[in-house]
Number of protein chains: 4
Amino acid sequence: MTKKKLNIGLIGYGFMGRTHSNAYHRVKNFFDVPYEPVLQVVCGLVEAEAKAFAEQWGYKSHTTDWHKVVEDENIDVVEICVPNNLHAEIAIAAAKAGKAICCEKPLALNVSEAEEMVKVVEEAGVPNLVSFNYRRVPAVTLAKQLIDEGRLGKIFHYRANFLQDWTISAKVPQGGMATWRLDIKAAGSGVTGDLLAHCIDTAMWQNGPITDVCAMTETFIKERMHAETGKVEPVGIDDACTFLCHFDNGSLGNFESTRYARGHKALYTFEINGEKASIAWDLHDLHRLSYFDHSDESIVRGWRSIHVTDSDMPYMDKWWVPGLQIGYEHTFVHQVADFLQNLAEGKSTSPDFREALATQYVCDAVLTSAKNKKWETVKKA
Amino acid sequence: MTKKKLNIGLIGYGFMGRTHSNAYHRVKNFFDVPYEPVLQVVCGLVEAEAKAFAEQWGYKSHTTDWHKVVEDENIDVVEICVPNNLHAEIAIAAAKAGKAICCEKPLALNVSEAEEMVKVVEEAGVPNLVSFNYRRVPAVTLAKQLIDEGRLGKIFHYRANFLQDWTISAKVPQGGMATWRLDIKAAGSGVTGDLLAHCIDTAMWQNGPITDVCAMTETFIKERMHAETGKVEPVGIDDACTFLCHFDNGSLGNFESTRYARGHKALYTFEINGEKASIAWDLHDLHRLSYFDHSDESIVRGWRSIHVTDSDMPYMDKWWVPGLQIGYEHTFVHQVADFLQNLAEGKSTSPDFREALATQYVCDAVLTSAKNKKWETVKKA
Amino acid sequence: MTKKKLNIGLIGYGFMGRTHSNAYHRVKNFFDVPYEPVLQVVCGLVEAEAKAFAEQWGYKSHTTDWHKVVEDENIDVVEICVPNNLHAEIAIAAAKAGKAICCEKPLALNVSEAEEMVKVVEEAGVPNLVSFNYRRVPAVTLAKQLIDEGRLGKIFHYRANFLQDWTISAKVPQGGMATWRLDIKAAGSGVTGDLLAHCIDTAMWQNGPITDVCAMTETFIKERMHAETGKVEPVGIDDACTFLCHFDNGSLGNFESTRYARGHKALYTFEINGEKASIAWDLHDLHRLSYFDHSDESIVRGWRSIHVTDSDMPYMDKWWVPGLQIGYEHTFVHQVADFLQNLAEGKSTSPDFREALATQYVCDAVLTSAKNKKWETVKKA
Amino acid sequence: MTKKKLNIGLIGYGFMGRTHSNAYHRVKNFFDVPYEPVLQVVCGLVEAEAKAFAEQWGYKSHTTDWHKVVEDENIDVVEICVPNNLHAEIAIAAAKAGKAICCEKPLALNVSEAEEMVKVVEEAGVPNLVSFNYRRVPAVTLAKQLIDEGRLGKIFHYRANFLQDWTISAKVPQGGMATWRLDIKAAGSGVTGDLLAHCIDTAMWQNGPITDVCAMTETFIKERMHAETGKVEPVGIDDACTFLCHFDNGSLGNFESTRYARGHKALYTFEINGEKASIAWDLHDLHRLSYFDHSDESIVRGWRSIHVTDSDMPYMDKWWVPGLQIGYEHTFVHQVADFLQNLAEGKSTSPDFREALATQYVCDAVLTSAKNKKWETVKKA
């Protein structure tokens, strides 16, 4: 049975460009998807690099002009894997051209861009998705399932951290291809949009809306050389951000992110304490879910370390055998598998732009709170 | 060589009364202390219970009137192990009677009491100590030593939690002998004074003063039966408290405590991230210190799990052999060993009342911040 | 720059057929290999399944007759992913046809087959490789590197386990596609050839030859239904095998494998104790290496948990960013990357058939020892 | 209510003398025991040291002649805490004098001594106990309870290690007060009697008799200076010992001990795999029991880490509050508590001399097997 071809255009050949390309290559070997994805074109700033990327990843062509991708009648899906300051313009153009869109997170530089993006994709009626990939770590998906089944009971606490240490040295520059995440113009914010956005997306998916926040941010290193200009410039992003919040369900939230936590590379963790059970997870051992069930008999009650590799675990029937783990990149494969399935049904995939807007509202309230040093109410998406 | 006898009067025969009594019994077997402690008298509310306690722990006499302990000329040291609302009155009387004092934490019900207590002990010139015992877990003392040696470099983050789950059931009463910690009149506050006070004491000892705080508290169960009256009454304490803060050295703090974290009994944890190294610890495996040293060669760099049992570790030359751990109660033995040594030199032992007042100021600012929903500056001790 | 095409013929479309196919697909996206692998043909027992596999994995054709693969002039490399009883015949035919060969482990049903296979591939001069894939887990490769650098000093102990629990139920059949590993005719042995062979291969690679062994085996469930015949037949394989051994370097070995260790799915672990340092690893958290260095300063000495994800770790410069882990299947990608590089240089890749013969000698001695209940000397390869 | 006094005579003031003395001091504060133990006399080689020990631990007198302890009519219980070569003579004399006896492990230098000891204590009808203290770690006692309740089902595997690293240096002497454990004359054997005896005692208590063994021993450092003579002498003990065995219930055993496992101080571990559940424990985190229950629902099935501190855990109602752990020395307190209770009922306490003889038979078979390089049947006690 020959499947319908689905033509993919990728904009951005950096780290995320690689994860998305890999996902399209692999999905067909492991999932029964309704399309045959075809990597048509990759677009990037430097022609030679775009060409090399196309060769390595099997794109049929390359370009340095993203408009060509968006305007190409042959393209069905636009993948947006560029710095945050370009998301809005590209996504809006793609939506107006009728493309399905998969956009990297965070959705936009700021709330006004994000609101516009939601408006346009919804008017255009194009399927859309924002790549908050950590939802699709099997252990994280399992956590959501356990919560939805009511196993935790009433939730009291939600705690999440995303800790890194790669910018401690004052020699790390800002701006440019490798370090645009430190440049306020390209990134919009620091750890808030880059890392806390992930935590917030997962948290609201699992635990519902956040209603108000109180945040503290810090920029430990005040000036860094800009990679493009070579000049030392003030650093505009938040190096660290911690915030308190309330969820709509009455539970309390505590979120922290930093790039100055020596010893942690990408330590995204969350813990949820409910009346009946608790759950904890961390990205450094992403295939394990910790689970404490108070209904266990008391003398054998303890935190369970669930090795999420059995075939009855989310997505895991597609991979290997029990005990053998998958890794980071597989989250994108799961995302594409779900995206293609929904696409065949004309639907968006969660988290879509509107859900990502809700996360953007929280990020916005967090940054405002930190600036004004007071509690902020979160706008409803 | 016969040692000078030191006569001890204990007020309060609850959980803490047991830990203090045990410490006096054991210290002489393991430490070369300058006194022979003699357990003279125990005081408590119920005569039969005080008598039974005296028999079990070898006190020569018992009483139900604490004034008799304080006024007894024969008593050298008064140990205050009663609910928080009695600390000030007893401590002040003991100081005026010229007794050395070891007071359970938190120092007082509130700042004004605590200030008066500091004033009186300092005027009286009596050696004093507040029993923040966790400083003297060998792994915690080692952490302090590593920080003082400059191994962490500039500190960026201090994170501490104290998580319990024993009050989740609405059937737990407030007030009375077993549950006075839930009664605002006896305890002054909930987790803030009971648990966060420990975290704050350790944090300021390791990382210097806290300058300002922003807190959120919650009382999940609004009414509980009072154990003494049998009536359902409003709950006045904080069930949970989270706060952000700045330290004087520019680092950021994040503290959380709750009695609604299902699965955790007494999970006091801290983590300190410095430019050069990081440290983490938790009370559930109190003999381990986690340490990450960035100066390690990159291919063998990782978090080290230090099993703090060797004889070159703090206090550990007094106990058994490498690999064999000690437990919770030993922190009180260490405290008494230090207290007796200082006493012989006419000195107070850290943390003394003045240091505990600094912690009280932070607790006060935390509770005020939570009430007013804004940042509060911490008063300097 | 167009690369030379390399035509691959796969024999066997089971679990291992999938891992090998995946490796060939992915290697070009991540490694700069000297060939363009082309998946030409897959061979398997059931025509419809072979066809479906070919479609899913992009093989150009399929067949049910392995001779056609071996005899196809167009094929450069033969991948042998069938049950152990077919390895010898196919490998020998492939070698005689001048094909490069990648054979699944264990090399053969028994020593005499294995010796013949070595003889033929060496006479034919064809590049050969046996797929002991766990050598190429980055943490395992790093362990080898640390040993080779002399960091452990003189080795005293080597301990390895491979624990599973999937055959505890008496209802699991023997024989057939899914459970041929329980059929003595297809597998040659039980856990010894299936699981201990991995441990032995890694151990001798890291720690040198094993000289003598003393083993104990057990078959807990004596009869199982045969999946093909439907008849209950005696079980001929070893369900569990433990053995003691000496290494040529004077260290002691302790190896255990079982499929009756409730709670463990694929818990391959090893620990090596040297005079100066020790190393430990387990497959369930395969990206971590535990390392203890006695030369660390005593107060900060502890087992280090090395998260093997940085770009200076073996193979890890090819994948994502620090902190993000890869999984099981990547070991096969690494294997293929090394295989292709060596192929371009006309060389075999370690472990080649001769090295795998050494492992077969140990397995043989182990089984003989268990049968005879005495120590056995291991034949030298 | 005044309790009957029980007069204790301690022979040996080393490491074990301290643990036993501490246990007698503490037991009355925490357990409701039927006697008031009185530390009457301590006996040791060096008069000044015996005197200092008596002062530190509150013994009323001291002596250098153990006969005086045994012959003292005033003494009710003799505690034997001297090197192994003195156990038999003292225990036999004490039994003949009608004393209750608590003897350190291993029971004796060898089987013939041990058999004689059993004969004499049984003829004398004196209560007797051998101090295999690890049975009384609460987590280990809990493990026994879970097994006895049938929670594990049929047992397949028993695995135990006892790993240390304190004799790796060739400079460690043999003989003398501190290092008699390396002197074959004083110790009888090396790790087999010192460490494996613990593992064997626990194993047979939990899993029943061991029927036959096959062992390998090694002495890595062949000569060491003798601490008393100053001469370099051959080392007669086993530095390392590993053995395979069968239990009477059909399960397989794998035991290993060494003093050359760099990075481990006192890592006694065991794991038991049953049809329905598995259990694991290690001494370095002695308050935790790992438990895997296959009957858990599959998506939340995992190893549970049971923090054995709640008041419904063995012995734990006597100590502090949930979450707060006890340590190594408490095992001896538990032992004394049980011993005193049984004494009041005229009974021996498990493990008594006869049970310890069974362990001695296994140790003997292990050493014989290692010497003869063949399987040995274990004599039945």
Return the residue satisfying two criteria in turn: it lies in region C:22-70 and is among the hydrophobic types (A, V, I, L, M, F, W, C) and away from chain A (no Cβ under 14 Å), and of such residues it is farthest from A:V333 (Cα to Cα).
-> C:V70
Extreme residue, nearest to D:E116 (Cα to Cα), among residues of region D:353-375 that are open to solvent by 40 Å² or more (accessible area, probe 1.4 Å) and either assigned to a loop (DSSP other than H, G, I, E, B) or of a type in the set (D, E) (or both) | D:E355
Picking from A:T19, A:T64, the residue that is over 25 Å from C:V38 (Cβ atoms), surrounded by fewer than 18 Cβ atoms within 10 Å (Cβ to Cβ) and in contact with a helix residue (DSSP H, G or I) (Cβ under 6 Å, 6 or more places away or on another chain) would be A:T64
So is B:S290 more than 7 Å from every other protein chain (Cβ to nearest Cβ), under 25 Å from the mean Cα position of the chain (by Cα), surrounded by fewer than 23 Cβ atoms within 10 Å (Cβ to Cβ) and within 19 Å of C:H294 (Cα to Cα) or not?
-> yes
Go over the candidates B:V78, B:V70, B:V82 one by one and state the one that is in a loop (DSSP other than H, G, I, E, B) and under 16 Å from B:G12 (Cα atoms).
-> B:V82
Residue that is touching a helix residue (DSSP H, G or I) at 6+ places or on another chain (Cβ under 9 Å) and small (G, A, S), where the choices are B:G208, B:G175 = B:G175
Do we find a residue being over 16 Å from the mean Cα position of the chain (by Cα), modelled with pLDDT under 95 and open to solvent by 20 Å² or more (accessible area, probe 1.4 Å) anywhere in region D:160-177?
-> yes
Of all the residues that make up region A:308-323, how many are open to solvent by 10 Å² or more (accessible area, probe 1.4 Å) and out of contact with any Pro (no Cβ under 8 Å at 6 or more places or on another chain)?
-> 6
Being part of a helix (DSSP H, G or I) and in contact (Cβ under 8 Å) with a residue 24 or more places away in the chain is the filter; apply it to region C:298-328 and report the residue that is nearest to the chain's Cα centre (by Cα).
-> C:M316
Return the only residue of D:S251, D:S257 being over 26 Å from B:S305 (Cβ atoms) and either open to solvent by 10 Å² or more (accessible area, probe 1.4 Å) or of a type in the set (S, T, Y) (or both).
-> D:S251
Please work out if C:T167 is within 14 Å of chain D (Cβ to nearest Cβ) and either free of Cβ contacts under 8 Å to residues at least 60 places away in the same chain or not in a strand (DSSP E or B) (or both).
-> yes
Can you work out which of the residues in region C:223-244 that are touching a residue at least 60 places away in the same chain (Cβ under 8 Å) and in a strand (DSSP E or B) is surrounded by the fewest Cβ atoms within 10 Å (Cβ to Cβ)?
-> C:C241
Within region C:101-152, residues being of a type in the set (S, T, Y) and touching an Asp or Glu at 6+ places or on another chain (Cβ under 6 Å) number 1
State all residues of region D:22-46 that are of a type in the set (A, V, I, L, M) and either within 16 Å of D:I80 (Cα to Cα) or open to solvent by 10 Å² or more (accessible area, probe 1.4 Å) (or both); if no residue qualifies, say none.
-> D:A23, D:V38, D:L39, D:V41, D:V42, D:L45, D:V46
Exception for B:Q56 within (1) part of a loop (DSSP other than H, G, I, E, B); (2) surrounded by 15 or more Cβ atoms within 10 Å (Cβ to Cβ) falls at (1)
Collect the residues in region A:267-286 that are within 8 Å of another protein chain (Cβ to nearest Cβ) and open to solvent by less than 10 Å² (accessible area, probe 1.4 Å), keeping them in residue-number order.
-> A:N273, A:G274, A:A277, A:S278, A:L283, A:L286
Identify the single condition in (1) in contact (Cβ under 8 Å) with a residue 60 or more places away in the chain; (2) open to solvent by 10 Å² or more (accessible area, probe 1.4 Å); (3) out of contact with any Gly (no Cβ under 6 Å at 6 or more places or on another chain); (4) not charged (D, E, K, R) that A:L109 does not satisfy, given that it satisfies every other one.
-> (3)
What number of residues within region D:129-159 are assigned to a helix (DSSP H, G or I) and in contact (Cβ under 8 Å) with a residue 12 or more places away in the chain?
-> 14
Leading residue by the ranking (farthest from the other protein chains (Cβ to nearest Cβ)) among those in region A:293-329 that are in contact with a strand residue (DSSP E or B) (Cβ under 9 Å, 6 or more places away or on another chain) and hydroxyl-bearing (S, T, Y) | A:S295
When region D:255-266 is checked residue by residue, the ones that are more than 7 Å from every other protein chain (Cβ to nearest Cβ) and in a strand (DSSP E or B) are D:F255, D:S257
Farther than 30 Å from A:N7 by Cα and away from chain C (no Cβ under 14 Å), is that true of A:K347?
-> no
What about C:V126, is it surrounded by fewer than 24 Cβ atoms within 10 Å (Cβ to Cβ), within 30 Å of C:I221 (Cα to Cα) and at pLDDT 95 or above?
-> no
Starting from residues that are part of a helix (DSSP H, G or I) and of a type in the set (V, I, T), keep the ones in region B:85-122 and report whichever is farthest from the chain's Cα centre (by Cα).
-> B:V120
Any chance D:T269 is at pLDDT 95 or above and assigned to a loop (DSSP other than H, G, I, E, B) | no
Hey, among A:E104, A:E49, A:E115, which residue is open to solvent by 20 Å² or more (accessible area, probe 1.4 Å), at pLDDT 95 or above and touching a helix residue (DSSP H, G or I) at 6+ places or on another chain (Cβ under 8 Å)?
-> A:E115
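The values are calculated or read from the model by the stated rules, or taken from the named source; none is laboratory data. Quick caveat: nothing in here was measured; it's all calculated off a predicted structure. We place every Cβ from the backbone using ideal geometry, glycine too, and count neighbours over all the protein chains shown. The protein model used for the area step is the full one, side chains on, heavy atoms only, and it has no ligands, DNA or RNA in it. Shrake-Rupley method; radii C 1.70, N 1.55, O 1.52, S 1.80 Å.
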